[in-house]
Each structure stands twice: as structure tokens, then as C-alpha cells.
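The values are calculated or read from the model by the stated rules, or taken from the named source; none is laboratory data. If you're wondering where the values come from, they're calculated on a predicted model, not measured in any experiment. Here the Cβ positions follow ideal geometry from the backbone for every residue, glycine too, while neighbour counts run over all protein chains shown. These area figures cover heavy atoms from the full protein model, side chains too; ligands, DNA and RNA do not enter into them. Shrake-Rupley method; radii C 1.70, N 1.55, O 1.52, S 1.80 Å.
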Amino acid sequence: MSDKIFRVNMTTLTTCVEEVPANWAGHGGRGLTSTIVTAEVPPTCHPLGPNNKLIIAPGLLSGTPAANSGRLSFGGKSPLTGTIKESNAGGTAAQLMARCGCKALILEGRPAGNTWYSLAVSPKGVTINVETELIGKGNFEVVSTVTGRIAKKHALISIGQTGEMRMAAANISVKDSEGHLRSAGRGGLGAVMGSKRVKFITIDPQDGKVAIADPEKFKAANKIFTKALTSHPISQGLGQYGTNVLVNIINEAGGLPTKNFTAGQFAGHDKISGETMYDRIMERGGKPKHGCHPGCVIQCSQIYNDLKGQYKTSGFEYESIWAMGADCCVDNLDHIAEADSLMDDLGLDSIETSVAMGVAMEGGLLEFGDGEGILRILKEEVAKGTGLGRIIGGGAGLVGKTFGVARVPVVKNQAIPAYDPRAIKGIGITYATSTMGADHTMGYAIATNILKVGGSVDPLAKEGQVELSRNLQIATAAIDSTGMCLFIAFAALDDATCLPALIDLINARFGINLTGDDVVNLGKYILKTERAFNEAAGFTRTDDRLPEFFEYEPLAPHNMVWDFTGEEIDSFWDF
Amino acid sequence: MIEAVPPTVEIQVHAGCRYTSLLQTGVDIMTTVPCSIGDFLDRLPGFSKDYIINRVQTIFLNSTAVDDMETPLSGTAPVVALSAAMPGLAGAIFRRNSMHAALRSAKIPDFAAPSTQSRIIGVRLKLFNMVAAEKGEALFAAGVHCTGAGLLDFIAGHPAFLTSISRALFSGQELADSDLIKRLRTTDTIQLTIKMRGAILPAKTTTKEAHHE
Ligand code: SF4
């Protein structure tokens, strides 16, 4: 089956299936969403207006048996940052969408009335249906009701109430193989889907399959690739403790932002750590190891049960636990899990919302550490869309303005995640220069030496930090186009067979001859394309800056401040 | 501050009991300085050079990532934390001799030159993740120093630990769980030994308390 572009116009309520333009053909995932957004979305449009588009694209390897290749990219202009945005999630949708022959689904326009819709994607195209029953409902009810309506195996993408209310922290959820949720969390793309009045999208691949140009070569490459992933020591740690294994390390390094970024270590770190979470999962009959989509061989996700041994949440990630934990000083893992579950149901980015809570705590809304207060606000204010709820759901920047707080940890209005840039300055460069606002995953891929884009770096010089951040962002952008989970990057660093095997997988899938240089060039193209969109939207170099308080508030225990000049940061774009 | 001769607490637990995460907040190991980090780790029960080189990927000394195993333990109460390979860019940044070490904050603290005079100090040792899971048992079997409050805090967060205790001795005297808790509440530093059932503990049966603090 050859890939097509599926287009849905929500103004005219029409759909069509189009050939893939030649210059989009080599792209997938983030590379494709950013290419389409740049080609079709006016950079100065209102993110919630009819001219913005929501692009949903599987990766280049999605739908194939390649290990860890089930990430689905969502792109558009972000209502939170005003920049271009790509956010990706696991779950089963990427694989089934690829099996429909859908290279990208483009949602454009906006319906005139108040009617809500759902979309059904199959290899034949997309149908639009009126939806009434699930409007105003949370993601969990959407999953259970839609699963009841459709007997066949299907994938599901949905928004919660906060997406319907077009809150800037609203995310998009994807059902995983066990009926739980994975989220494309950052940047408020759930509000864009809500602005198009699409509550959910089902995907039924029928008997569609992804064609592989050279199956033998593909199989051989996948074997090497899978072995590199499974034998890597990081995979073992991830499989046991999940990403939350980082709490103790980052705390020890003095880089765990605590009490709205006023300290770098949290006294209650051991109460919320991956080690403690593992013990609790085992005591309560949960699962420490769980994949977010079929074919994941690392399985960093987990099933966390409540005190009674009942399912509470899954995919309980370090960044979410840090944000509700250390940043809000909540040292009760069950409160954090409950909040995580509520945010999943409401369809909220757990990083943005939790950092917003931390800022609100500084503004006097609650005492730091008041986990029950946070739960109350999520249930009684955010879920109901009260004025306060909409402010919290509007993100950390809006909360800072509303409560008159100067210490607001955002870049381009997106909350800074779990690594304090004063303690880990190289990550600060990524926060500042990312085309999408502060986002740790933008410079996550550790493949610089294999890709030979590392150059010679002086570890003590600022130029070295800028150069490394640049190379990491280039590598990340390329990996984000494959549909691969970013955790493959660690094996790619240490095992010389891993990255060539990944390139072989892409070559065997499409019958092409990409080289390592092509991968680097792809990463550079993506960054430059995104940057060009932002410039046309009115962003300048002065937007590539961290909040001022990082420069004058030393962070304990190392008492470091952020001391990169604007000029030094700007040199990031010299490529 | 470690008391000269802290009371002993010996705990025997059922097989399968999870207690090694107690090491994430740290225990004190008495050691003679001057001493390099490499030598200190090498002397730990259950550790070997091969394990330290291959498994322990990240070492913090006083909250700063250390690349050189010859770095001397510094300060009056050094804190050493060990981790296996960790994910994420941050995990890579703090890894020993990582090419991504460039992304750490540039200021390298002075590890003050230690005195050449030989003395015994308590080193606060924290083991995280796989390192704790793999070496915690040997460490606790050999005995560590920690605070009564620290052990109580761990018990409060791990109720299953208490129910896994098959035998507890405080200063050599067997105590019921509730009495152990009471004693821990009023004791600062303890010398703690935890062994899985089947390991040999001193044969004491009296429940009378003989230890005087
Ligand atoms: S390693 Fe984690 S994030 Fe990556 S695919 Fe597996 S479960 Fe999903």
C-alpha cells in the first residue's frame, strides 16, 4: 500500500485522500509535521483559529516490526508558545495509522456551529461523524465507551475536557495496547484539536499492511538493532525503575528544581524516587515493566496501583513526578499518582500543569506540599472550567501573571522541566534555543559521536556546551522523524552497531540508500525549518533566553547562577 | 555525628524482602583516610574493581560528579553516591568520563587537599538503583551505621518491611517489632545489620533490655 495524505476540512466537513508531494516523501514524524506546518500554516495565525492545522504523522518506521518504532507525532502552531510545535506519544495509533497507508492526517479549518465530531480513519480515508455522548467527558470514559462501540481492534486518539475548553496546557492522548493512555503532552495541541471540535479519532487498519521494500535486509537490521537495545545496561535500569530512576541522581547533583525552582535538592526525594516507586509497585501487585506500544523492547513504562491494589496510573514518568513532587514539595507518591491520573483523564500536560501549581503555590494559592489541595483544585476547578481552573490550565506563564509572581520558570511561555539549568547548564542552552519552548526532549538524543557531529569539545568552555547542545538537538530532530522512542539513543551512543542498523532499517523499508550524513542533514533541515517558521511568526533571538531570575538567584547547594550571555546563546544557530 | 560505640540493631528478614532502597538516603561507613574514592569503593563488602569500573557508571562526591577514581575523599563527612548507567541526557552528563560531561555546570569545586594524617571518619554512602539492588544485601550483612530516625522513616514508607522481619535484636537482645520501633525513636546512631533468613545471627533469646544509652 502506498502512503497518502489524508486531509480533513472541518469548515466544509469534507475529507480527501491526496498523493504525497515529492518534497514530503522522505519525511516522517516530526520532520513531516514541521514541513507541513511550515508549508501550510500562516505563521502569524491564531493557534485556535481556522488557519492553524493539526498534523498527525507516524514515523518513517511506524507500522513495521522495527523495535520501539511506535511513536506518533502531532504538529501545529502551539497555543501555549505561539511557536511551531511537535509533540509525540506512544500507544498503538502510529502503527495502525501507518497500516492505513496514512503518511499524515491533516486537520484544517473550523466548524461554524457548536456541534462536536469524531473522525474514523481507515485505509479508504476519513469519515466525519457527529459526536454528542462523549462531549464533556474525560479521556477514560472516551476510551471505555469507544472500545464498547467498536468491536474490532482499533487505535484511539482523544482529548479530555481541557482540550474541549481549549486550555493552553491541554494535551492529546493515545490509547495503548492495554487501554491506558499515553500523551503528546507539551505545547497545548489538545486545544488545537478542541478548536477544530474533534473529540476523538479512531483508526481501523482493516487488513492494511506496511510494505517493506527489502524484507530480508529489514529483518537482519532489526535483529541487530533489537540486540543493541536489549543488551544495553540503561535498558535494564529503565525496565526496572522507569525514567523516575533519575530523581535520586538529579537530586544528588543539586539539579532537581524544588519549591518552584528555589533549591536544587528536595528533602523528600527518597519518598518519590524510582527505587521507592519500584518497591511500592511490587508490594501492591503492579507491573514495574510495561511497554507503551507493541514492539517496545525496553519497556520503561509501569503500572502503579493504589493502596488497595487497584490500577491507578501508568507511564508514571520522572518529569511528571518531579513536577508534582519536588517542584510543589509533595512527598506523597500516592497523591502524585492520583494527580497524574486526574491530569490524564482531563487531558492536561502534567509538566506544564504541575509547574503552574508550583508558581501558584508561590503566589499563595496553596501551601507547598499540599498534595490534597492540588487534587481538589484539579477536580473542582480545572475539571469544571472555573476561572481559577482555566488559569491553572493556561500554564505556568499565565499563573505567574495572574498571581504576580516574578519567579516563573518558562521559556517561550512553556514550563521548564525537571533539570535546573543553573546546575546543568548544557541543558539550559537547549531550553533557551529549542524551537518549541523549554523542552528537555529537544536535545535528548545521545548519538553525537556515532553521527560524527560532535567535533572537538572543550568540556570547560561555554562554546563546547553550545556545540554539544546543537549536536544533540540535530540528532534528536532526526530520531523524532523515524517514529522511534528517544530511549534508543543510549544504545546508539555505546553500541557502534545500533545507529547503522537504524539507518539500514529505513533503507530497507523504502529501498533507498541513506547515509549517516543524510541523517545529520535531516536533523539540521528540521531545526532550520522550525526556526524559519518561528521567525516568520515574530520570534527573535531575544526569545531564546532563560528567565531573568536564573541570573540573580544562586541555586543551592552549588550556588551557581545562569551566566551565558545572549551572544553565546545565539552562536547556537551558527550552522 | 557518629557515637563512639553505637548500639547494634540486627534484623533478620524473610527472603524476598525489599530493603536495599534504604540505601538511597545513605548510610555511614567507617573508613580510614586519606583514601581515594577508588580505594574506598574497592573495600566495600561485595564490591570488586571490575564491578566499580563496569557497573558503577556515575559517582558523586559531595554532590559533584567525579571522573577520576584517584580523587581523594574530602571534607570531615564526605558523601559518596553511586549509580548504574542512567537514561536521559542528564544521565549521560553525569556518567564517568562521559563526552557529555561538557554539559555539566563549568565550575568544578575544589576538592580540598585532605590532611595526610591518618584517621577514621564516617563516609555517608548512598547507593541508587541497580547498584543498591545488587550490592545492598552484602553491605547490610556486613553492617553499616545509620540513624534510628532514618530507619524509622524507611519503615513508615515501606510497611511491608516490618511484616518481613522474622527476628530483631537491639544491642543483642531480641525485641518485638513494636519495642524495636520504640528503641529506634530514642536512639541517634545505630550499627545496623540486615540479613535474609537463613543467614546466621548471634543466638540471643532474652527480651530484657540491657543496653544503656
Ligand atoms: S522505552 Fe518507554 S517510552 Fe520508549 S517505547 Fe518503550 S515504553 Fe514507550
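Principal axis analysis of the Cα atoms in the stretch B:126-190 yields extents of 33, 22, 20 Å, listed in decreasing size.
What net charge is computed for the residues neighbouring residue A:102, neighbours being all others with C-beta under 14 Å from the C-beta of residue A:102, Lys and Arg scored +1, Asp and Glu -1?
+2
Taking a straight Cα-Cα cut-off under 16 Å and skipping sequence neighbours fewer than 8 places away in the same chain, the lysines within cross-link reach of residue A:124 are A:4, A:103, A:209. Partners of residue A:196 within straight-line reach, counting aspartates and glutamates whose Cα lies under 12 Å from its Cα and excluding those fewer than 8 residues away in the same chain: A:108, A:164. Rounded to 0.05, the FRET efficiency of the residue A:18 and residue A:38 pair, given R0 = 25 Å and the Cβ-Cβ distance, is 0.90.
With kT/(6 pi eta Rh) evaluated at 25 °C and eta = 0.890 mPa s, and Rh the Kirkwood radius from Cα pairs, the stretch B:8-212 diffuses with a coefficient of 135 µm²/s according to Stokes-Einstein. Interface of A with B. Using a 1.4 Å probe and counting protein heavy atoms only, the two chains hide about 4000 Å² of accessible surface, both sides summed. From most to least packed by mean Cβ count within 10 Å, the peptides A:341-348, A:518-525 give A:341-348, A:518-525. Per residue in the stretch A:242-259, which ones lose no less than 30 Å² of accessible surface when going from chain alone to all protein chains (1.4 Å probe)? Relative to the lone chain, where solvent access is computed with a 1.4 Å probe, the stretch A:242-259 loses at least 30 Å² at A:245, A:246, A:248, A:249, A:252, A:253. Anything losing 50 Å² or more of accessible area from the isolated chain to the full protein assembly: pick those residues out of the stretch A:260-300, probe 1.4 Å, ligands and DNA/RNA ignored. When all protein chains are present, A:275, A:279, A:283 each give up 50 Å² or more of accessible surface. Calculated FRET efficiency, residue A:521 to residue A:549, Cβ-Cβ distance, R0 = 30 Å: about 0.20 to the nearest 0.05.
Here the stretch A:466-484 is scanned for amide nitrogen atoms under 19 Å from the site 7 Å beyond the Cα of residue A:528 along Cα-to-Cβ, giving A:467-481.
Counting only lysines at least 8 places from residue A:271 when in the same chain, those with an alpha carbon closer than 16 Å to its own are A:259, B:126.
Available extension along the chain between residue B:153 and residue B:116 is 9.6 nm, counting 0.36 nm per residue and deducting the alpha carbon span.
Its alpha carbons considered, the stretch A:68-181 gives a radius of gyration followed by a Dmax of 14.2, 41 Å.
Quick check: residue separation of residue B:30 and residue B:134 times 0.36 nm, minus the Cα distance between them. What number comes out in nm?
On the way: separation 104, 0.36 × 104 = 37.44 nm, distance 2.10 nm.
Result: 35.3 nm gained on full extension.
If a spin label sat at a point 7 angstrom from the Cα of residue B:160 along the line to its beta carbon, the backbone N atoms of the stretch A:261-288 nearer than 20 Å would be those of A:270-288. Given a 1.4 angstrom probe, I'd like the percentage of the accessible area of the stretch A:222-573 that is carbon and sulfur, rounded to a whole number. After summing per-atom areas, the C and S share lands at 51 percent. Over 21 Å apart at the Cα level, from the set A:53/A:199; A:137/A:308; A:289/A:312; A:175/A:287, are A:137/A:308. For residue B:67 and residue A:45, the FRET efficiency from 1/(1 + (r/R0)^6), where r spans their Cβ atoms and R0 equals 56 Å, is about 0.70.
Per residue, the solvent-accessible area of the stretch A:222-573 (1.4 Å probe, heavy atoms of protein chains only, all protein chains present) comes to 31 Å².
Each 20 Å bin from zero up to the one holding the largest Cα-Cα distance in the stretch A:222-573 carries the following percent of pairs: 29, 59, 12. Rounded to the nearest Hz, the phi-derived 3J(HN,Hα) couplings of the stretch A:244-255 under the Karplus curve 6.51 cos²θ - 1.76 cosθ + 1.60 (θ = phi - 60°) are 5, 4, 6, 3, 5, 5, 5, 5, 4, 6, x, x, where x marks glycine and proline.
Across all directions, the average flat footprint of the convex hull enclosing the Cα atoms of the protein assembly as shown is 32.5 nm². Sorting A:126-134, A:527-535, B:65-73 by their mean Cβ neighbour count within 10 Å, with the most densely packed peptide first, gives A:527-535, B:65-73, A:126-134.
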